[in-house]
Amino acid sequence: MTKMMQDKPKVLFVCTGNSCRSQMAEGLLKHFGNGEFEVYSAGLRPSYVHPLAIKAVAELVIDITKQYSKTVNEFIGQDFSYVITVCDGAKEFCPVFPGKYKALHWSIEDPASISGTEEEMMKVFRKALQNILENVKHFITTNKAG
């Protein structure tokens, strides 16, 4: 591991399924963080990356198609600078990680819990994405490396 990689704050986003909110947050922080953060996401019960999450993020010209759902258990034993839960269920049941890290919580409504036409669902995904984007930008300005 390079010294530069060690100096970057390591961030883990956690939600229930690692299919929507944490995936969008990972993609946004990787993009807008300009390489200043080492970013991961995971879920308590991972499933798949929701196609509408991919589509919503793509509207910002950000590609998250190479991201995939991971279990939070893959990260147990790793040190993080920040563990950010993006849903209330993840906050309640998120495991404790070793070392000293800052636990943050962003209560983001689950866009996948809504049913309807694709356009109706996309409105909900865009709203969740906007909420995550605001949180990510605030996180970046208050937690820059160095």
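The numbers here are math on the coordinates, done by the rules we state, and not lab data. On a predicted model such as this, the values are computed, not experimentally measured, just so you know. Positions of Cβ are generated from backbone atoms using ideal geometry, with glycine treated the same way; all protein chains shown enter the neighbour counts.
Brief remarks on what is shown
- Listed candidates (1) 43, 36, 30; (2) 61, 39, 24; (3) 47, 30, 25 - label of the one calculated as Cα extents along the principal axes in Å: (3)
- Rounded to the nearest 10 degrees, the inclination of helix 21-32 to the longest alpha-carbon principal axis of the chain is 60 degrees.
- Between helix 118-142 and the chain: long-axis angle, C-alpha atoms, 0 to 90°, nearest 10: 20 degrees
- Summary value for the range 1-66: 37 percent relative contact order, contacts being C-alpha pairs under 8 angstrom separated by 6+ residues.
- Relative packing of 27-36, 55-64, 93-102, which averages over residues the other C-beta atoms within 10 Å, highest first: 27-36, 55-64, 93-102
- Ranking ALA58, HIS31, TYR48 by Cα position along the charge dipole of the range 1-63, where only Lys, Arg, Asp and Glu carry charges on their C-beta atoms, puts TYR48 farthest toward the positive end.
- Extension gain from SER47 to THR71, taking 0.36 nm per residue of separation minus the Cα-Cα distance: 7.8 nm
- Subset of LYS66/LYS127; LYS70/LYS144; LYS100/LYS144; LYS30/LYS55 violating a 21 Å alpha-carbon distance limit: LYS66/LYS127; LYS70/LYS144
- In this simple spin-label approximation, LYS55 and GLU109 carry label points 7 Å from Cα along the Cα→Cβ vector, and these lie 1.9 nm apart.
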